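The values are calculated or read from the model by the stated rules, or taken from the named source; none is laboratory data. This structure is a prediction, so every number in the text was calculated from the model and none was measured. Please note: Cβ atoms are built from the backbone with ideal geometry, for glycine as well, and neighbour counts cover all protein chains shown. For accessibility, only protein heavy atoms count, side chains too; no ligands or nucleic acids. Shrake-Rupley method; radii C 1.70, N 1.55, O 1.52, S 1.80 Å.
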Amino acid sequence: YVLAFAGRAKFPLPQKMEDHYIELANKLTGLDKADEVLELLKLDVEESLAKFSTNNLGKDSQMLILHALEEAGRRNNNKNSIGWKDNDDSIEHTAPQKFTAEWLSALSLAAGQDREYKALSDNIGNLALLNRSQNSGIKQKPWVDPLWPRDKSMSKKIAYQNADFDLTIVLSSIDSWDEKVIYAREAWIL
């Protein structure tokens, strides 16, 4: 994860990233050089983090970041790895890409604020990991359906309780999904 994240952020072309990592590997002439190479990798990561922005991330980068955070949490809590794409992973837009009246209201936006809605919907703080069948089952549902608050097919909050990913399950403790939650979560991810 570290190599992929740092490489994607630092190098515009995959070949440049590969060349850099081959160069570092060639410095490993013995275990006595491991600390030196690790320090160089840390510098790569620091440089990548300094440049990092969540704006305009592609789906692969979004998935990589969310999956890396999921794995870090699992390791920190002595849980088994979920494995990269072992759960038919997909990205769920909590506030859906196509707005509804309920979601405009939840995000305190008015009709006609399409650009603002898209920016919030695409923000990494609005994204969650779900497997594809879970994702396709909740589509544009509200965070909590006032008529069916405990029905996972009618409420994203309840559907998130049944997710395969701890990072998504923890979101189900949030009472309402709004702009503040999205920006707070983006800051946490950063």
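For the reader, a short list of remarks on this structure follows.
- The residue list 33, 42, 59 contains one member that is of a type in the set (Lys, Arg) and within 13 Å of residue 127 (Cβ to Cβ), which is 59.
- Considering the stretch 154-171, the residues that are touching a Lys or Arg at 6+ places or on another chain (Cβ under 8 Å) and open to solvent by 40 Å² or more (accessible area, probe 1.4 Å) include one that is farthest from residue 76 (Cα to Cα), namely 154.
- Top-ranked residue of the stretch 73-86 - restricted to ones that are in a helix (DSSP H, G or I) and without any contact (Cβ under 8 Å) to a residue 40 or more places away in the chain, ranked as surrounded by the most Cβ atoms within 10 Å (Cβ to Cβ): 75
- Taking the stretch 56-66 as the range and being part of a helix (DSSP H, G or I), surrounded by 14 or more Cβ atoms within 10 Å (Cβ to Cβ) and in contact with a helix residue (DSSP H, G or I) (Cβ under 9 Å, 6 or more places away or on another chain) as the test, the residues that pass are 61, 62, 64, 65, 66.
- Scope the stretch 125-156; condition farther than 16 Å from residue 178 by Cβ and not in a loop (DSSP other than H, G, I, E, B); matching residues: 129, 130, 131, 132, 133, 134, 135, 136, 137, 138
- Meets criteria (polar (S, T, N, Q), modelled with pLDDT of 85 or more, at negative phi and not in a helix (DSSP H, G or I)) for residue 29: yes
- Residues in the stretch 140-156 that are at pLDDT below 85 and not acidic (Asp, Glu): 146, 147, 148, 149, 150, 152, 153, 154.
- In the stretch 87-131, of all residues being among the acidic types (Asp, Glu) and farther than 12 Å from residue 63 by Cα, the one that is surrounded by the fewest Cβ atoms within 10 Å (Cβ to Cβ) corresponds to 114.
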